[in-house]
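Presented below is the structure to which this report refers.
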Amino acid sequence: MCLFISPQWLLRALMCSGLASTWTAHAQELTPAEAELAKKFARVVQWQGIWDVSVAGGASSSSGSSHLESRYEAKGHGTFTLERSSDNDEAARGVFTWQGKGEARGGGQGTFSESDQNGFGEEWVQEFSGAVEQERIEFSLGVTSKSVGLHPGMQREEKAPLMRRSGRRVSMQSGGGNQTSLIDLTFRAPIDTWYLGSGEAETARRWQVVSNGPGVLAFGYESPTAGRSQTFAVSGAGVAQRSRVVLFPVYEDLEVEVTIADYAKWRPQGSIADPTKPGNTLVARAILKTKSGQAKTFPAVKAIRFQLMDTTREPGVCLNWPLGAKDEDYDLRLAAAGTGGDVSDRDQKLAVTSPPLDAEQRPFAEATIECFDFGAKAELRVICELEDGRELIGLMKDSGGVQEFVRLPKMNGPDWIAESWRREKDVMKLAAGDDSEKVEGQKHNGDGYTLYEEYRGWAVSGKHVEGDPKRKDFFVLNLIGADGKGGISLFERVSMLRVHSRLKDGKEIAQSDRRMNGNHRDAPHRVDQHGVVLSHEGWGPGGYNVAMEAADKSKAGRPRDVFYVYVETHHDNGAFAAKNSAEYNLSARDAALAYDRAIAHELLHAVGVDHHGEQLWKIVKCYFQGATALNPTRRARFTSDFDLHTSLMKKPDDWRGDRGDTITLRWEDTGADIAQESVAAYEEKLAKARADGRTEQYQKDYAAIADRMAALGVKHDAAYWGEYDAEDLAASPQFRVIRVGAVEGTDSGNELCIMRYYFANAYGIAGQQNAYYVVRPGPGAGRAGRELCKSPAGTGTNAASHSPQSRFGNAYSGRGNCFGDICPNDAIPPRSVY
């Protein structure tokens with residue numbers, strides 16, 4: 001659990017204990033070169049500073065009985081102003097100190113969960129965001145000692161934003177579902193500030209930044225694990241940190257302002273039609289101006305330089321287009337605009353060495369940025385170098401006049417996602433690596449796609465489609481075609497998943513792979529998330545899932561484990577055809593929708609939903625026997641063995657002259673004995689057989705094979721067999737086959753749930769052996785629901801109040817909350833189902 005809360009506090013500890021590269025001034029004489037450098041820094045009375053930091057990490061582990069997972073993501077950014085400090089300043093010796101204060105803004109989000117194979121355990125969510133004042137920020141420099149110190153100062157603890165930590169413990173299960181206890185804690189949280197490492201190498205690197213003088217100074221740090229996607233993924237452990245600070249001296253009334261048309265609204269786009277071409281572009285203009293806005297003579301400009309930094313290089317143009325992309329090309333690229341300039345593609349630079357003047361005689365330059373990815377981002381660094389050696393940094397100004405880095409697109413601090421998209425989707429506070437979509441009533445959150453991945457989106461039917469950060473996205477390759485659309489729509493409605501089913505086979509999803517976010521490199525990525533294939537290609541009638549070879553069949557389904565979902569071709573003689581549904585006593589409406597229901601049923605298996613029980617119905621063959629001399633009960637009945645040719649000729653040792661055990665069948669609605677209702681038809685048939693001389697004919701037939709019958713060990717005379725076959729002929733129309741459903745079996749629970757089977761037409765009479773209530777045939781006697789249950793309680797004919805008794809009872813223990821069991825997220829281990 002330490003990983004869940006440690007990155008923020010660890011970073012804070014590093015910041016306070018060893019962040020600054022402390023130095024000691026030595027009373028040494030300055031060399032001419034050192035004196036010249038000291039003179040340059042002595043002119044700087046004030047620095048402006050901008051900083052940002054991001055932290056991300058995650059880890060997971062699974063054993064046979066439990067799964068642990070933690071994810072953490074935080075960011076901070078801000079501005080500050082530093083003034084020359086005379087108290088700690090010895091300019092003559094090349095020792096300088098600037099001190100000041102600023103504002104820090106940011107937030108963090110973390111999750112921790114621990115669960116057993118049945119989903120019981122605990123889950124914590126920790127989040128905060130806000131702003132706080134920073135004091136005692138310090139930039140120090142020793143020319144002779146070649147030391148540079150940067151200290152982010154201290155935050156006023158009493159003004160730190162509140163962090164809320166809420167938890168849920170799932171401890172047991174009852175008929176109504178999981179029993180939970182909720183915990184909510186609130187405490188102060190510091191905002192992560194910059195960390196620039198320590199040690200001789202870092203000290204030398206920082207000195208190299210300042211060794212040419214007080215131009216634009218940029219310090220940065222990246223932890224060894226930063227920059228790779230596994231640091232965001234639950235499969236990788238560790239914390240990735242990125243930090244940077246940019247200092248620039250304040251010169252009189254001059255500034256460089258960067259403007260971009262529609263900057264606040266601009267979002268990156270790639271091209272689905274041709275990934276080698278930009279999807280959209282923007283033009284950045286940098287202009288040297290006075291802060292006051294008063295016209296004046298401007299100093300000579302040597303060059304205005306543009307550089308794209310920290311540019312993403314995600315494969316492809318979105319998560320699945322082109323499939324299996326491996327390129328590492330820059331997602332944003334510089335190109336010359338109307339002011340010309342020399343472009344260096346290798347290091348993403350554009351230099352305009354002869355900038356023109358605008359109408360107010362102000363030097364300016366422009367750069368075109370071409371976009372090749374729907375999730376592209378970068379920072380545009382603009383430096384205006386004057387002929388006298390001074391450097392001015394180009395910054396953006398917001399509506400309040402605050403200057404910031406030129407982030408492409410406009411982002412709220414170090415981020416992966418355009419601020420305009422966040423505002424549109426109302427996800428300003430969610431981390432880029434968040435995967436926590438919630439559906440009320442479903443046990444597990446998230447769909448396997450991070451917030452950034454849903455922002456970057458997919459290619460579906462040749463068009464770019466974004467994810468929904470407040471709904472769970474799910475992908476289906478529909479190889480069935482038009483016949484499959486109704487079932488997919490039904491699945492989408494009852495599951496409350498957002499289903500994308502217009503994918504192009506082999507282009508937008510591969511049957512052999514099925515990953516829907518395979519194009520990833522450095523961006524926030526939780527798990528390789530899969531779609532499922534809906535197909536006619538299978539064996540036999542009906543519908544079922546075919547799991548991957550290594551999948552554990554005792555576990556609930558997940559998209560990665562389901563190779564494809566098979567449902568037979570929809571045709572007039574199919575298992576789900578309307579005319580065949582009459583066998584299951586469905587209404588005309590239920591019969592017409594049986595095929596759609598079958599598709600939805602099988603798709604639900606792919607996202608963790610199981611039957612209401614494992615025990616299927618059993619087939620019971622019921623042979624009629626009249627009240628004749630051959631019947632030992634002397635009362636019309638059904639028996640378990642009346643198949644002469646099977647029992648006698650094939651298995652003579654199993655043959656029973658009394659025709660087996662008595663089976664009692666009663667109509668469910670009236671309780672009437674079905675055997676007694678069959679007597680009249682039986683006797684009429686028997687009388688006709690005798691009148692036609694059938695009995696005498698049977699006697700002659702059996703007399704011819706008496707020796708063979710004796711060899712089988714069955715010693716009856718021809719008269720016996722004549723009577724036996726005559727009764728068999730009369731009784732055969734009354735033969736019945738019933739499907740007896742099991743209590744807590746597949747037909748149990750809520751009778752309107754899609755996951756309940758509706759095939760059983762009989763059930764055992766309580767307290768009796770070989771006795772069954774039979775559902776009277778007719779449309780509507782059986783139900784095929786189109787909803788999902790949220791409780792194991794039997795309803796309708798399965799309710800305890802049903803007369804004469806509940807048909808199949810409640811769902812089996814641990815089953816019967818089909819809506820709650822829905823989980824399309826491949827990152828969440830499936831629960832045991834039996």
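Within the stretch 784-813, residues that are closer than 8 Å to Asn750 by Cα and open to solvent by 40 Å² or more (accessible area, probe 1.4 Å) have Cβ atoms under 9 Å from residues that are hydrophobic (A, V, I, L, M, F, W, C) and not in a loop (DSSP other than H, G, I, E, B) in these pairs: Thr795/Cys753, counting only partners at least 6 apart in sequence or on another chain.
Among the residues of this structure, Glu387 counts as one that is over 30 Å from His464 (Cα atoms) and either of a type outside the set (Ser, Thr, Tyr) or surrounded by fewer than 24 Cβ atoms within 10 Å (Cβ to Cβ) (or both). Scan the stretch 347-358 for residues that are open to solvent by 50 Å² or more (accessible area, probe 1.4 Å) and under 18 Å from Glu379 (Cβ atoms) and jot them down. The answer is Lys349, and nothing else.
Give the stretch 125-165 a look and list any residue that's part of a loop (DSSP other than H, G, I, E, B), under 44 Å from the mean Cα position of the chain (by Cα) and surrounded by 16 or more Cβ atoms within 10 Å (Cβ to Cβ), or say none.
Pro152, Gly153, Ala160, Pro161
So that you can scan it fast, the table gives a plain yes or no per residue for (1) in a loop (DSSP other than H, G, I, E, B); (2) of a type in the set (S, T, N, Q); (3) in contact with a helix residue (DSSP H, G or I) (Cβ under 9 Å, 6 or more places away or on another chain); (4) crowded, with 24+ Cβ neighbours inside 10 Å:
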{"residue": "Ile383", "(1), (2), (3), (4)": "no, no, no, no"}
{"residue": "Gly394", "(1), (2), (3), (4)": "no, no, no, yes"}
{"residue": "Gly401", "(1), (2), (3), (4)": "yes, no, no, no"}
{"residue": "Glu440", "(1), (2), (3), (4)": "yes, no, no, no"}
{"residue": "Asp447", "(1), (2), (3), (4)": "yes, no, yes, yes"}
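Pairing residues of the stretch 337-350 that are more than 17 Å from Arg313 (Cα to Cα) and part of a strand (DSSP E or B) with residues that are of a type in the set (Val, Ile, Thr) and open to solvent by 50 Å² or more (accessible area, probe 1.4 Å), at Cβ distances under 8 Å and at least 6 apart in sequence or on separate chains, gives Ala337/Val283; Asp342/Thr353; Leu350/Val343. Residues in the stretch 70-122 that are in a strand (DSSP E or B), open to solvent by less than 50 Å² (accessible area, probe 1.4 Å), within 26 Å of Arg43 (Cβ to Cβ) and in contact with a Leu (Cβ under 7 Å, 6 or more places away or on another chain): Phe96, Trp98, Gly100.
Of everything in the stretch 496-514 that's free of Cβ contacts under 8 Å to residues at least 40 places away in the same chain and part of a strand (DSSP E or B), which residue is most open to solvent (accessible area, probe 1.4 Å)? By that ranking, first place goes to Asp505.
How many of the residues in the stretch 384-409 are within 23 Å of Glu103 (Cα to Cα), in contact with a strand residue (DSSP E or B) (Cβ under 8 Å, 6 or more places away or on another chain) and of a type outside the set (A, V, I, L, M)? Within the stretch 384-409, residues that are within 23 Å of Glu103 (Cα to Cα), in contact with a strand residue (DSSP E or B) (Cβ under 8 Å, 6 or more places away or on another chain) and of a type outside the set (A, V, I, L, M) number 7. Number of residues in the stretch 571-605 that are over 22 Å from Ser535 (Cα atoms), part of a loop (DSSP other than H, G, I, E, B) and at pLDDT below 85: the value is 1. Exactly one residue out of Lys296, Lys326, Lys277 is more than 24 Å from Trp421 (Cα to Cα), out of contact with any strand residue (DSSP E or B) (no Cβ under 8 Å at 6 or more places or on another chain) and open to solvent by 60 Å² or more (accessible area, probe 1.4 Å), and it is Lys326. No other residue among Ala33, Ala42 is closer than 27 Å to Ile393 by Cβ, out of contact with any helix residue (DSSP H, G or I) (no Cβ under 7 Å at 6 or more places or on another chain) and either surrounded by fewer than 18 Cβ atoms within 10 Å (Cβ to Cβ) or β-branched (Val, Ile, Thr) (or both) apart from Ala33.
The values are calculated or read from the model by the stated rules, or taken from the named source; none is laboratory data. Treat the numbers as computed from the prediction; the structure is a model and nothing was measured. Cβ: placed from backbone, ideal geometry, glycine included. Neighbour counts: every protein chain shown. Only protein heavy atoms, including side chains, enter the accessible area calculation; ligands, DNA and RNA are left aside. Shrake-Rupley method; radii C 1.70, N 1.55, O 1.52, S 1.80 Å.
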